[in-house]
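**Q** Input: one structure, supplied below.
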Amino acid sequence: MPIVLEKLTHIYQQGGPVATTAIEDIDLVIDDGELLALIGHTGSGKSTLAQHLNGLMKPTSGRVLLDGRDINAPGEDTRKLRFQVGLVFQYPEHQLFEETVYKDIAFGPRNMGLSNEEIDGRVRSAMDMVGLPFEEIKERSPFEVSGGQMRRIALAGVLAMRPRVLVLDEPTAGLDPRARDLLLKDIQRLHMEGTTVVMISHAMDDVARLATRIAVLEKGRLVMEGLPEVVFGRFEELTGMGLDVPQGCQLARRLRELGGPEIPDCYLLESLADSLAAFLKGGGGDAA
Amino acid sequence: MTDIAHLVCDQVTYRYEPQAEPAVKDISLVIPRGQFTAILGHNGSGKSTLAKLLNGLFLPSEGRITVSGMDTREEKHTWDIRQAAGMVFQNPDNQLVATRVYDDVAFGLENIGVPTEEMPPRIDEALRLTGMAEYADRPPHLLSGGQKQRVAIAGILAMQPQALILDEATAMLDPQGRKEVFDTVARLNREQGITVVWITHFMEEAARAQRVMVMDHGAMAMDGTPREIFSRVEEVRALRLDVPPMTKLAHLLIARGIKAARDVLTVEEMAREVKRLCPSCWKN
């Protein structure tokens, strides 16, 4: 069953002199197994929206439903419901705090009241999922490993809670290219193995590669939503919002402007290269 | 100080501990005055260590570094060098100290003992050059990330440096903030002739530099124009770095039997390349 957002609105400091509407009237369904990219300008409400998905923030109005149940309804059951959605913050390594990598990753499962044996199994498999060598680093301080590893420790801490839905707020920000690629591979694999993923990102080439669907927020409202080719096809609107567009789509647009070929599938470089090569070999015939 | 060679490393090695593996290994380079150089490389490749060597925060374990002819190891030059080669770091929130943008820019000047009456014109000029003049009275914590970095840069500019060394100054910014900061620094380089050392993980930023250096395991692995460096796709990939998307596309086309140039960097160049490859494909 999916996550359903119904008329979700959040107003910071409601009623106060500086009341700010962060998100307004958002209706969105996140289906099981999809990898939804949430894009939008800084301040568009992406992070606020993300923090509603596991009940960390409460809506001012509207509802968040998981399996048809309101996750903000009172009672112990809804607390368990929220464990199914794992949220990884921006720069999550800033929140590492335990003495050892093991204890840090075990913190979430321990909080869930699991047995030591169950916790141990979960820590091992979570570390395995993000490519962290268990024996080598379990007893090390999480503060003396590399930046990329710190990020993956933080991610493992959330994965150890075995969430069905993983919400990632700019997971690759500030990482070097190698650490970024490793992390994106982990995310892609988790998605392939059935985890529903919601990923906030500014890196459009990553979004183009991974997302099965894209939702665009502007000034707290959901303004666009659809398959990557559809969303990235609306080039002018995206750039008008100050968003990046994958370079392949920038090229497709430039070629069209110059009276050149129409390249339909621009957002993945591989398929763009296929279309362009076919077009050039055909001497300007069919690009598709 | 009209020397051409601005920042010079002569066989520089640096170790954090006497017995440790060097973080920077036998690097010799000359960065001419007014050049915009990008440095790429993984975390741990030695980029940040090199940056800190270049403004005298670290002193070489072996070899010699000069900034405008001043040897960084000579204590009498320390302050002149730090002032001549200002550094901007990654996290904008760690660099701002005052409650008002104007005071933040003044802070550095007070530190180096600039007479009070000389401060206002220097602060105004620094804020103007970074496009932050209208924010002079704002509290820094309410600014966007890109604006905070521009204030940090203004604080350094007020000290009238001849070189700016930026260590992943855009890593924590959104695309708009990145562009703001990059464009500001590029303009300072172009219009004020300030030498720039720009450390980054973003290939599209490196593509806009005049020169790209790639570091690996503390050593200088590649050094050339962006066009030379990125056209060597296999080597760049072997260092586990990326090439700009349009360079990648050019190589994908070559792999599909199209005779595209190997050194395409930008969307505009790729559009021209497609036009060159098939002149008859165009309506006009």
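Quick note: the coordinates plus some simple rules give every number you see, no bench work behind them. Predicted, not measured: the structure shown is a model, and the values here were computed from it. Cβ sites come from the backbone with ideal geometry, for glycine too, and all protein chains shown count toward neighbours.
**Q** Give the long-range amide H neighbours of residue B:73: residues separated by 5 or more places, or on another chain, with amide H under 5 Å away, using H modelled in the peptide plane at 1.01 Å from N.
**A** B:65
**Q** Which residue, A:37, A:252, A:273, has the most motion in a Gaussian network model of chain A that connects Cα atoms within less than 10 Å?
**A** Ranking A:37, A:252, A:273 by mean-square fluctuation puts A:273 first.
**Q** Please compute the Cα-Cα pair-distance distribution of the range A:70-195 with 5 Å bins starting at 0, giving whole percents from short to long.
**A** Whole-percent P(r) values from 0 Å outward: 2, 11, 22, 24, 21, 12, 5, 2, 1.
**Q** Only Cα pairs under 8 Å and at least 6 apart count here; give the relative contact order of the range B:5-243 as a rounded whole percent.
**A** Working: 483 pairs, mean separation 62.1, N = 239.
Once divided by the residue count of the range B:5-243, the mean separation gives 26 percent.
**Q** Kindly express, to the nearest 10 degrees and within the range 0 to 90, the angle between helix A:269-281's C-alpha long axis and the longest C-alpha principal axis of chain A.
**A** 10
**Q** Sum up the charges of everything whose Cβ sits under 14 Å from the Cβ of residue B:212, counting Lys and Arg as +1 and Asp and Glu as -1, but leave residue B:212 out. Don't skip to the end; give the middle numbers.
**A** Details: positive: B:47, B:208, B:211, B:227, B:232; negative: B:204, B:205, B:216, B:223, B:228, B:235, B:242, B:263.
Here the count lands on -3.
**Q** Further question: Once you compute Rg and the Kirkwood Rh from C-alpha atoms, what is the Rg to Rh ratio for the range B:144-284? Before the final figure, lay out each step's value.
**A** On the way: Rg = 17.6 Å, Rh = 16.9 Å.
Ratio of gyration radius to Kirkwood radius for the range B:144-284: 1.04.
**Q** From zero outward in steps of 5 Å, how is the percent of C-alpha pairs of the range A:145-288 spread across the bins?
**A** Bins of 5 Å from zero give 2, 9, 16, 18, 16, 14, 11, 7, 4, 2, 1, 0 percent of pairs.
**Q** Let me ask another. Counting only C-alpha contacts under 8 Å and six or more residues apart, can you give the relative contact order of the range A:189-261 as a whole percent?
**A** On the way: 49 pairs, mean separation 16.5, N = 73.
Normalised by residue count, the contact order of the range A:189-261 is 23 percent.
**Q** Oh, and also: Where does chain A land at 222 nm, in deg cm²/dmol rounded to the nearest 500, when only DSSP H runs of n ≥ 4 count, each adding -39500 (n - 2.57), divided by all residues? Spell out each step's value before the answer.
**A** Numbers: 12 runs with 116 residues, N = 288.
Calculated from helices alone, the mean residue ellipticity at 222 nm is -11500 deg cm²/dmol.
**Q** For residue A:267, what charge total do you get from the other residues with a beta carbon under 11 Å from its beta carbon, if Lys and Arg give +1 and Asp and Glu give -1?
**A** Within the 11 Å Cβ shell, the charges total -3.
**Q** Here's another thing I want to ask about it. Within the set A:103/B:248; A:138/B:248; B:179/B:248; A:46/B:52; A:103/A:185; A:7/A:185, which residue pairs have Cα atoms separated by over 32 Å? Write out the running numbers ahead of the final one.
**A** Values: A:103/B:248 42 Å; A:138/B:248 38 Å; B:179/B:248 22 Å; A:46/B:52 36 Å; A:103/A:185 25 Å; A:7/A:185 34 Å.
From the list (A:103/B:248; A:138/B:248; B:179/B:248; A:46/B:52; A:103/A:185; A:7/A:185), the Cα-Cα distance tops 32 Å for A:103/B:248; A:138/B:248; A:46/B:52; A:7/A:185.
**Q** Something else: Using alpha carbon coordinates only, what is the Rg to Rh ratio of the range B:244-284, with Rh defined as the Kirkwood radius? If you can, show how the numbers build up before the last one.
**A** Working: Rg = 10.0 Å, Rh = 10.3 Å.
Expressed as Rg/Rh, it is 0.97.
**Q** Rounded, prolate or oblate: which fits chain A, taking a ≥ b ≥ c as square roots of the Cα gyration tensor eigenvalues, rounded meaning a/c under 1.5, else prolate when a/b beats b/c? Walk me through the intermediate numbers first.
**A** Values: a/c = 2.19, a/b = 1.39, b/c = 1.57.
Oblate shape, in that a/c is at least 1.5 and b/c is the bigger or equal ratio.
**Q** Continuing with the same structure: Would you please classify the overall shape of the range B:107-198 from the alpha carbon gyration tensor, given that a ≥ b ≥ c denote the square roots of the eigenvalues, rounded means a/c under 1.5, and beyond that prolate means a/b larger than b/c while oblate covers the rest?
**A** Numbers: a/c = 1.85, a/b = 1.28, b/c = 1.45.
Cα axes put the range B:107-198 in the oblate bin.
**Q** Out of every Cα pair in the range B:5-243, what percent are spaced more than 32 Å from each other?
**A** Values: 5274 of 28441 pairs.
Tail fraction, whole percent: 19.
**Q** Using a basic spin-label model with each label point 7 Å from the Cα along Cα→Cβ, how many nm lie between residue B:30 and residue A:139?
**A** Computed distance between label sites residue B:30 and residue A:139 equals 5.4 nm.
**Q** Angle check, please: helix A:101-111 long axis (alpha carbons) against the longest principal axis of chain A (alpha carbons), in degrees 0 to 90, nearest 10.
**A** Taking Cα atoms only, the helix is inclined about 80 degrees.
**Q** A further question follows. What is the mean number of Cβ atoms from other protein chains located within 10 Å of the Cβ atom of each residue in peptide A:175-181, rounded to a whole number? Don't jump to the answer; show the numbers that get you there.
**A** Numbers: counts 3, 12, 11, 8, 4, 2, 2.
The per-residue average across the peptide is 6.
**Q** When the C-alpha atoms of the protein assembly as shown are aligned to their principal axes, what extent does each axis show, in angstrom, from largest down?
**A** 72, 64, 54
**Q** Cα centroids of the range B:107-131 and the range B:174-215: how far apart, whole angstrom?
**A** For the range B:107-131 versus the range B:174-215, the Cα centre distance is 24 Å.
**Q** Are there any trypsin sites (Lys or Arg not before Pro) in the range A:219-288 that are in a DSSP loop and have at most 10 other Cβ atoms within 10 Å? List them by number. The partial results should precede the final answer.
**A** On the way: sites: A:219, A:221, A:234, A:253, A:254, A:256, A:281; in loops: A:219, A:234.
Answer in residue order: no site qualifies.
**Q** For each cysteine in the protein assembly as shown, check whether another cysteine's C-beta sits under 4.7 Å from its C-beta; list those where none does.
**A** B:9
**Q** Can you give me the P(r) profile for the range A:175-214? Cα pairs, bins 5 angstrom wide beginning at 0, each as a whole percent.
**A** 6, 22, 33, 28, 10, 1
**Q** Then there's this: Residue A:45: net charge of surrounding residues, Cβ under 9 Å, Lys/Arg +1, Asp/Glu -1, itself excluded? Write out the running numbers ahead of the final one.
**A** Values: positive: A:46, A:219, A:221; negative: A:24, A:218.
For residues surrounding residue A:45, the net value is +1.
**Q** Still on this structure: Please build a GNM for chain A, connecting alpha carbons under 10 Å apart, and tell me which residue among A:236, A:24, A:117 fluctuates the most.
**A** A:117
**Q** If I model a spin label at residue B:20 and residue B:141 as a point 7 Å from the Cα along the Cα→Cβ vector, what separation in nanometres do I get?
**A** So the two model labels end up 3.3 nm from each other.
**Q** Report the residue, chosen from A:137, A:30, A:214, that carries the largest GNM mean-square fluctuation when chain A is represented by alpha-carbon nodes joined by springs under 10 Å.
**A** The residue with the greatest mean-square fluctuation here is A:137.
**Q** Quick one: if the Förster radius is 51 Å, what FRET efficiency do residue B:254 and residue B:160 give, using the C-beta to C-beta distance and rounding to 0.05? Before the final figure, lay out each step's value.
**A** Numbers: r = 48 Å, r/R0 = 0.94.
After rounding, the FRET efficiency stands at 0.60.
**Q** Angle between the Cα long axis of helix B:119-129 and the longest principal axis of chain B, 0 to 90 degrees, nearest 10?
**A** On a 0 to 90 degree scale, this one is about 10.
**Q** Once you order the gyration tensor axes a ≥ b ≥ c over the Cα atoms, which shape class does the range A:246-288 get: rounded for a/c under 1.5, otherwise prolate or oblate by comparing a/b with b/c? Intermediate values should be presented prior to the final figure.
**A** Details: a/c = 2.43, a/b = 1.19, b/c = 2.04.
Oblate.
**Q** Let me confirm one metric for peptide B:256-262, namely the mean number of other chain beta-carbon atoms within 10 Å of its residues' beta-carbons.
**A** On the way: counts 7, 3, 6, 1, 4, 0, 0.
Average neighbour count from other chains, rounded to a whole number: 3.
**Q** What list of ³J(HN,Hα) values in whole Hz, one per residue of the range B:241-257 in order, does the Karplus curve 6.51 cos²θ - 1.76 cosθ + 1.60 (θ = phi - 60°) give from phi, with Gly and Pro shown as x?
**A** 10, 9, 10, x, x, 6, 5, 4, 4, 4, 6, 5, 5, 4, 4, 9, x
**Q** Also, quick follow-up: Quickly work out the residue B:93-to-residue B:191 label distance, labels modelled 7 Å from Cα along the C-beta direction, and quote it in nm with one decimal.
**A** 3.2
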